[in-house]
Amino acid sequence: MNVSAATPAEAAACVRAAGEAGISCAASKCGHVHLDLRPMQAVRFYQPGDLTVGADAGLTVAALNALLAGHGQFVPIDVAEPERTTLGAVLARHGSGPLRQRFGTVRDFVLGLEMVNDRGEIVHCGGTVVKNVAGYDWMKLMIGARGALGILTGVNFKVFPRPQGIESACFRGLSWPQVEAIRSGLLHSPLRPLAIELQARGGERAVTVTYAGSAAVRGRYRREMSRLGAPEITEGAWPAATPPTNAVYPPAQAVAALQAWEERHQQLSVTGRLGVGAFHVEPAPPPPPVAPAAAGLMRRLKQELDPGGLFHGEDCGPSA
């Protein structure tokens, strides 16, 4: 059954009604209710001078950044379908893209959250300002929980000046040792690029570095990177969004791990964050085992925050 909510109060009422009706995904038969938050598209506040904005979870990434663009600002959420992807879906998946190299993941620039808990209560965590230390840091727990601990209804972001003077440098025809040399050289240099992306397919490998700034800054990037090879320079090209990450390695070990996996799968395809070790790999490597202590902690959190098993925590697609 699909139910739409246009306000946090309506979302909370839906959760209370589901609880009273005995709907539980912990039961053998789950009475599934899909709560559609797309009608919730309000911008709650925007303070360009303070670099902060708050919005409903149903607002799309494209709509939020269209508003911020009027002041030369943006939220660095680079997803494949920004016109369809809601802020709630990004938070539920803990989504990130190429700009993670410079700005971090969405966890790093969320200031506050609003959510509905299993009792149908509206709960706030974090705040609306950059320097905020009030209360428990529930945000780190809720972001990436895929809806398993509550319904996210609102979010406050730190925003950033939109980079100007975009340029990219692409190193092609690389061996794996050359890929590692570029990764290590960039991360041990004074450069702070927006993105460092690896593309590998069928034995061909390339690394694209995206950066921004004045003509003098871009000239410095080109001089520094000429020490690492002879890249092709392209002006005005933002890094393209890639499929969701399915393989994560410690950055210093990532190239060796990908090389070993390619030796087993000659048609390997890799795209992703070379600088932070997060990639989309096909065929995907097996996920690392979850430590028993971590699995136990996750089960206890679920039991404490959703003892009735009301939230199934699976539906976080583009319009979730």
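What follows is calculated from the coordinates using simple rules that are stated; it is not laboratory data. This one's a predicted model, so the numbers in the text were calculated from it and none came from an experiment. Using ideal geometry, Cβ is built from the backbone for each residue, glycine included, and neighbour counts are taken over all protein chains shown.
Summing charges over neighbours of VAL53, with a neighbour being any other residue whose Cβ is under 15 Å away from its Cβ, gives 0 when K and R count +1 and D and E count -1.
Can you compute the helix-only [θ] at 222 nm over the chain? Use -39500 (n - 2.57) per DSSP H run of at least 4 residues, normalise by all residues, nearest 500 deg cm²/dmol.
Numbers: 9 runs with 89 residues, N = 320.
Helix-only estimate at 222 nm: -8000 deg cm²/dmol.
For segment 40-162, what is the relative contact order in percent, using Cα pairs closer than 8 Å and at least 6 residues apart in sequence? If you can, show how the numbers build up before the last one.
Details: 250 pairs, mean separation 39.0, N = 123.
It comes to 32 percent, rounded to a whole number.
Exposure proxy shown here: for PHE109, PHE311, the number of other Cβ atoms within 10 Å sets the order, fewest to most, as PHE109, PHE311. Starting from the Cα of ALA237, step 7 Å toward the Cβ, then list every residue of segment 150-176 with an amide N under 19 Å from that point. Answer for this model: 163-175. Sorting TYR221, TYR249 by the number of Cβ atoms found within 10 Å of their own Cβ, with the fewest placed first, yields TYR249, TYR221. For segment 110-220, the relative contact order works out to 24 percent when only alpha carbon pairs closer than 8 Å and six or more residues apart are counted.
Give me the percent relative contact order of the chain, please, defined on Cα pairs under 8 angstrom at least 6 residues apart.
Working: 650 pairs, mean separation 65.5, N = 320.
Here the relative contact order equals 20 percent.
For segment 186-192, backbone phi angles converted through the Karplus equation (6.51, -1.76, 1.60; θ = phi - 60°) give residue-by-residue couplings of 5, 6, 9, 9, x, 6, 10 Hz, Gly and Pro being listed as x. Charged neighbours of ASP118, selected by a Cβ distance under 13 Å, balance to -1 (K, R count +1; D, E count -1). Panel order for HIS32, HIS124, HIS312, HIS188, by other beta carbons found within 10 Å of each beta carbon, from fewest to most: HIS188, HIS32, HIS124, HIS312.
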